[in-house]
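Reading through the structure tokens given below for one structure.
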Amino acid sequence: MDNKKVLKLQIIGFFVICIIGTLLHFVFELSGNNIYLSIFVPINESVWEHLKLGTFATIIFMMYEHIIIGDKPNYVTAKFFSIITQILTILLIYYTYTSVIGKHIIYIDILSFILAISLGQIVSYKILTNKYINETIHIILLFELLIFLFVLFTFIPPKLDIFKDPQTNKYGLEKGKYNAKNII
């Protein structure tokens, strides 16, 4: 696949990931707090849970994109670093502006999400079009570790601010119908 087609696919991916990520924000509540969906979608308003939006929207788009791109030797690497770029961008923007002004503003959060997705897609494009980067088992294992951490910290979040729902001051599934102690 030539670079022009890869670029076009990354631009399409930007829009698709933004739309899917936005929709994922509402899935847990609309599902009646479905415990199985809690793995993939935010269960509260914590920063950590909102990192799922870009991550799992990108993974959903990956399923479609992989069919078109095929077995590029750096595909998983591109997607892993795309997601890491999203996560780091959101964390950097959120913690920078909230430490300066002392509160969070929904419009800045939305703009940071959009910026994070666009930067992630740029990183994805750069890696996909770089013929010198190849997949390694380490990247695949890191990708699996990231997914595992999202699952683990949904049910057993550390008592750190990143995992705390600012609306309820609770962590993980404590706030809802389920409590991690009853599940595990």
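Here are the numbers for this structure:
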read-out	value
Exposure ranking of 100, 6, 27 by accessible area [1.4 Å probe, largest first]	100, 27, 6
222 nm mean residue ellipticity, helices alone, for the chain (DSSP H n ≥ 4; -39,500 (n - 2.57); rounded to 500)	-23500 deg cm²/dmol
Cα-based shape type of the stretch 1-60, given that a ≥ b ≥ c are square roots of the gyration tensor eigenvalues and the cut on a/c is 1.5	prolate
P(r) weight above 17 Å for the stretch 13-135, C-alpha pairs, percent	58
Rounded accessible area per residue of the stretch 21-92, 1.4 Å, Å²	43
Sequence of 47, 123 from largest to smallest accessible area, 1.4 Å probe	123, 47
Total charge dipole magnitude, the stretch 40-184, about the Cα centre, Cβ charges on Lys, Arg, Asp, Glu only, Debye to nearest 20	180
Segment residue 147-residue 107, length gained on full extension (0.36 nm per residue, minus Cα span)	11.7 nm
Carbon plus sulfur fraction of accessible area for the stretch 28-133, probe 1.4 Å, in percent	71
Sequence of 138, 50 from largest to smallest accessible area, 1.4 Å probe	138, 50
Extension gain (nm, one decimal) between residue 115 and residue 30, 0.36 nm per residue minus Cα-Cα	27.9 nm
Within straight-line cross-link reach of residue 52, aspartates and glutamates at Cα separation under 17 Å, skipping those fewer than 8 residues along the same chain	29, 109, 144, 161, 165
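The values are calculated or read from the model by the stated rules, or taken from the named source; none is laboratory data. For clarity, every value in this text was computed on a predicted model and none was experimentally measured. For neighbour counting, all protein chains shown are included, and Cβ atoms are generated from backbone atoms with ideal geometry for every residue, glycine included. Just so you know, the surface numbers come from the protein's heavy atoms only, side chains and all, with ligands and any DNA or RNA stripped out. Shrake-Rupley method; radii C 1.70, N 1.55, O 1.52, S 1.80 Å.
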